[in-house]
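Below is one structure, written out as structure tokens, with a few remarks after it.
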């Protein structure tokens with residue numbers, strides 16, 4: 001076997017091994033998407049009912065509450081960025097980070113100070129590498145977040161928004177995550193969680209507008225509207241964060257699957273062209289051998305014909 | 001007869017839904033019973049048990065659940081009970097709850113003790 005052929009054979013072998021890995025990762029991600037999607041769906045009733053209740057209180061009561069009223073001159077905003085712990089997911093993390101950067105720049109442009117809160121090792125690494133301060137960060141649960149994780153993330157954010165601005169509190173709460181539309185499309189979005197806006201991002205505002213049309217009943221609050229809001233809004237924040245975490249997890253798996261699928265496809269392509277090259281090299285080897293034999297034979301024939309004369 | 005449509009949902013799943021004639025829950029200002037035609041209501045729930053008298057398609061009977069914090073909201077004969085954690089009485093593992101109660105008592109963890117106690121009471125209420 002010629003040296004060239006051996007080189008090609010070796011490369012084919014290594015690409016085949018890589019292909020096996022990426023194929024396996026693709027399958028794993030595909031099975032996880034379904035699970036993650038199911039969890040998003042399971043969390044929906046709670047989120048819907050909670051949004052409904054929050055809308056009811058916010059519209060149905062005329063109490064001024066710090067969580068529903070906008071501060072006249074907001075000076076500080078918290079941005080929660082949801083990324084994943086692992087890479088190999090195509091543009092998933094960089095898209096979310098880019099979206100967070102856009103939002104940060106916009107908020108700074110509006111004259112607000114931005115505090116960063118980050119979920120996921122990739123986001124932490126991004127800020128860490130650039131030496132930018134992060135208020136708080138969480139890692140380790142991005143693949144399958146539980147409600148407890150969402151609570152943990154929500155606690156300092158609620159704390160921050162409850163605190164007075166002068167004492168380091170924030171006036172606004174934003175969240176950046178990757179929305180899961182379908183297996184093929186996921187997009188990084190930013191939403192303002194607090195103060196409540198009922199005309200913000202597409203899906204949310206549509207839902208709320210729908211609710212707005214049906215006449216909201218005049219609720220009797222137990223014990224009082226203020227107390228209900230006090231208890232309701234932290235839960236609302238938690239449930240929104242939980243939903244964002246779940247959607248991000250589903251998106252991450254979908255992105256991984258897509259990235260791994262194209263890696264597998266590329267590996268196949270590579271194997272195909274390498275096989276062709278290997279075949280050509282083998283053919284060249286054979287041709288060379290034949291011509292060597294023929295050349296040798298005719299040289300011999302020539303030599304013996306010469307000695308006859 | 002008028003019926004309530006009840007949805008009991010926890011943060012990560014729907015626990016129970018169906019028709020009922022009466023729902024008793026514990027709010028921060030005391031126990032409250034909701035029957036069809038009640039005034040629209042939004043209240044904060046205490047950690048406690050919820051009793052649902054089922055009727056209609058769900059059959060006559062009683063469903064008891066333990067909830068740990070949450071909300072009750074009622075309008076148009078639709079009642080939703082939202083809880084971070086909610087368990088139906090027949091889902092509760094009695095032995096585990098008893099163990100948790102023991103542990104909470106020895107650790108003097110009031111919140112955990114209360115949770116375990118509510119679980120056990122919900123189970124007792126179901127029998």
Notebook entry, point to check: In degrees, nearest 10, range 0 to 90: what is the angle between the Cα axis of helix A:202-213 and the longest Cα principal axis of chain A?
Noted result: 30 degrees
Next item on the list: Once every Cα of the stretch A:221-309 carries one equal point scatterer and solvent is ignored, give the base-10 log of I(q)/I(0) from the Debye formula at q = 0.14, 0.25 Å⁻¹, two decimals.
Entry: -0.80, -1.10
Item checked: Peptide A:43-55, shielding by other chains (average Cβ, 10 Å cutoff) -> 5
Next item on the list: Extending each Cα 7 Å along its Cβ direction at residue A:164 and residue B:28, get the distance between those two points in nm, one decimal.
Entry: 2.3 nm
Next item on the list: Calculate how steeply helix A:3-60 sits against the longest principal axis of the alpha-carbon atoms of chain A, using the helix alpha-carbon long axis, and give the answer as 0 to 90 degrees to the nearest 10.
Entry: 10 degrees
Notebook entry, point to check: If each of residue A:108 and residue A:72 carries a label point 7 Å out from its Cα toward its Cβ, how far apart are those two points in nm?
Noted result: 2.8 nm
Checklist line | Normalised convex hull volume, chain A, alpha-carbon set, Å³ per residue | finding: 166 Å³
Notebook entry, point to check: In nanometres, what is the gap between the two model label sites at residue A:132 and residue A:192, each 7 Å from Cα along Cα-to-Cβ?
Noted result: 2.1 nm
Margin query: Cα atoms only: what Rg and Dmax, in Å, come out for the stretch B:48-127?
Written below: 14.1, 46
Notebook entry, point to check: If eta is 0.890 mPa s and T is 25 °C, what Stokes-Einstein diffusion coefficient results for the stretch B:4-89, Kirkwood Rh from Cα pairs, in µm²/s?
Noted result: 199 µm²/s
Check: If contacts are Cα pairs under 8 angstrom and at least 6 residues apart, what is the relative contact order of chain A in percent?
Finding: 32 percent
Next item on the list: Could you give me the percent of Cα pairs per 5 Å distance bin for the stretch A:67-128, shortest bin first, beginning at zero and ending with the bin that holds the maximum distance?
Entry: 4, 17, 25, 20, 14, 9, 7, 3, 0
Check: Against the longest principal axis of chain A, how steep is helix A:147-162, in degrees 0 to 90 to the nearest 10, with axes from Cα atoms?
Finding: 50 degrees
Check: How high is the FRET efficiency from residue B:99 to residue A:286, r the C-beta distance, R0 56 Å, rounded to 0.05?
Finding: 0.15
Checklist line | Shape of the stretch A:34-178, Cα gyration tensor, a/c cut at 1.5 | finding: oblate
Next item on the list: Round to the nearest 0.05 the FRET efficiency obtained for residue A:4 and residue A:299 when R0 = 25 Å and r is the Cβ-Cβ distance.
Entry: 0.45
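The numbers here are math on the coordinates, done by the rules we state, and not lab data. Quantities reported herein were computed from a predicted structural model and do not represent experimental measurements. Glycine also receives a Cβ, built like all others from the backbone with ideal geometry; neighbour counts cover every protein chain displayed.
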